[in-house]
Amino acid sequence: MPVPLRILTAALFMAVATEAAAADSVNALEARAMAALAAVQARADARLAPFATDGCSGGLSAGWAVLAGRLPAFGRTLGGRPPWEACCVVHDLAYWRGPARDGVARRLEADRGLQACVADTGRARAAELARRLDVPPEQVRVAFELAAEVMYAAVRLGGGPCTPFPWRWGYGWPECTPGLVRPRDGGDGP
């Protein structure tokens, strides 16, 4: 028996409304964390630590290096570091400084930049890597695009400010706790 159009329409509306509500919750949490980061950055004793990077965070560069060391053919073919590692370093530079002012938009821009850079690296190196791997260039491009999507999702999920992770937005600043500062909205105050 076919599902009536009004039921399908209602289900679609519920799915869109649920996704919008979830996005609003995530945005509210990030805004609260950005406010806490802003408070840390405004402290007279807060100092930005010297820039440091681990390449691609979350163990990606470290894991790649281990694979390259243990599987010599992997290392000879793909190198000892991820081919998109320069993209990660540029992304780390944005995250290290992690400005709280317009931080939500700046973080999104940095994350989209990482995603685009990884995909662009695949497009630029597709012919070369296709020869080395003996696969069609399109397969290389698709693999890099998939890696770009996964990396984007990972940084969106785990890279917010005031998290316990060393790769958080504003990791060059002293740690912050988002529950201690509320954005000024006419509510109860800080």
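The values are calculated or read from the model by the stated rules, or taken from the named source; none is laboratory data. Given the structure is predicted, the values throughout are model-derived calculations rather than measurements. Note that each Cβ is placed from the backbone with ideal geometry, even for glycine, and that neighbours are counted across all protein chains shown. Just so you know, the surface numbers come from the protein's heavy atoms only, side chains and all, with ligands and any DNA or RNA stripped out. Shrake-Rupley method; radii C 1.70, N 1.55, O 1.52, S 1.80 Å.
Screening Val89 on (1) outside any helix (DSSP H, G or I); (2) on the phi < 0 side of the Ramachandran plot; (3) in contact with a Gly (Cβ under 8 Å, 6 or more places away or on another chain) shows it passes everything except condition (1). Pairs meeting the criteria (first residue in the stretch 117-136 and free of Cβ contacts under 8 Å to residues at least 40 places away in the same chain and open to solvent by 20 Å² or more (accessible area, probe 1.4 Å), second residue of a type outside the set (D, E, K, R) and part of a helix (DSSP H, G or I), beta carbons under 7 Å, at least 6 apart or on different chains) are Cys117/Cys87; Cys117/Val90; Thr121/Cys87; Thr121/Phe144; Ala127/Pro137; Pro136/Ala130. Number of residues in the stretch 52-66 that are open to solvent by less than 50 Å² (accessible area, probe 1.4 Å), of a type outside the set (Gly, Ala, Ser) and touching a residue at least 24 places away in the same chain (Cβ under 8 Å): the value is 1. Of the set (1) part of a loop (DSSP other than H, G, I, E, B); (2) within 30 Å of Gln41 (Cβ to Cβ), all apply to Ala116 but (1). Within the stretch 67-83, residues that are open to solvent by 30 Å² or more (accessible area, probe 1.4 Å) have Cβ atoms under 7 Å from residues that are polar (S, T, N, Q) and not in a loop (DSSP other than H, G, I, E, B) in these pairs: Arg81/Ser61, counting only partners at least 6 apart in sequence or on another chain.
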